[in-house]
1. Given the options 172, 121, 23, which has the most mean-square fluctuation in a GNM of the chain, springs set between C-alpha atoms less than 10 angstrom apart?
2. For the peptides 101-111, 44-54, what is the packing order when you average, over each peptide's residues, the other Cβ atoms within 10 Å and list the highest mean first?
3. In 5 Å bins starting at zero, report the fraction of Cα pairs in the range 22-209 per bin as a rounded %.
4. Please identify, among 68, 124, 56, the residue showing maximal mean-square fluctuation in a Gaussian network model of the chain using a 10 angstrom Cα cutoff.
5. Could you rank the peptides 9-22, 69-82 by their average count of other C-beta atoms within 10 Å per residue, with the highest value first?
6. I'm a student and want to see the number: the projected area of the Cα convex hull of the range 50-154, averaged over all directions, in nm².
7. Which semi-axis lengths, in whole Å and largest first, follow from the square roots of five times the eigenvalues of the Cα gyration tensor of the range 1-79?
8. If the label point is 7 Å along Cα→Cβ of residue 80, which residues in the range 47-61 have backbone nitrogen under 14 Å from it?
């Protein structure tokens, strides 16, 4: 997107409160991450995000170990779940903050037990919510999504663009082309998100079968 940035680890506690809906959790945690960095940001804008997977209303966070990752992947196999992201922009100079909630529906393919074992052995799922990465080309766990592909990866750029615009940050172009180049695929919902949610930050939806 043409922005210079630095990465600061946040020491916010990433807990899941008992009975807390997934959507509320990611909003709360993205805000907590941003606020934990406010005193270190020296007047700069802070971008913080939190993403999780929810199946039948239950949060599937990062696995504890390889058997836990295998269990999650078997639960998700052939089913549709929801990926939620909370995205917070905080101006550390003024204290102004705004948070977007983004939602994508994800249909998993019917991968086999040996495929699960091979993927888990790669180590890739062990730091991923729901124990998978949509972009992992050797496994390709997803057959179809409704919503933003970048959101499933954990960082929805079009919604970030909308937040930045609301804060008066002028960008030379939308993230559409950069996102397409990075992901190696044509996004079918960017125009919809940008037209509907710049200044009206909610969730987006459109069907995207994956090849």
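1. 172
2. Put in order of decreasing packing, that is 44-54, 101-111.
3. Going from the shortest bin to the longest, the percentages are 1, 8, 16, 19, 19, 15, 11, 6, 3, 1, 0.
4. Among 68, 124, 56, the largest GNM mean-square fluctuation belongs to 56.
5. 69-82, 9-22
6. 7.2
7. They are 30, 15, 12 Å, listed from largest to smallest.
8. Within reach of a label on residue 80, which here means backbone N under 14 Å from a point 7 Å along Cα→Cβ, the range 47-61 contributes 55-57.
Read-outs throughout are calculated quantities, based only on the coordinates presented, and are distinct from any laboratory measurement. All values reported here derive from a predicted model rather than from experimental measurement. Every residue, glycine as well, gets a Cβ built from its backbone with ideal geometry; the counts of neighbours run over all protein chains shown.
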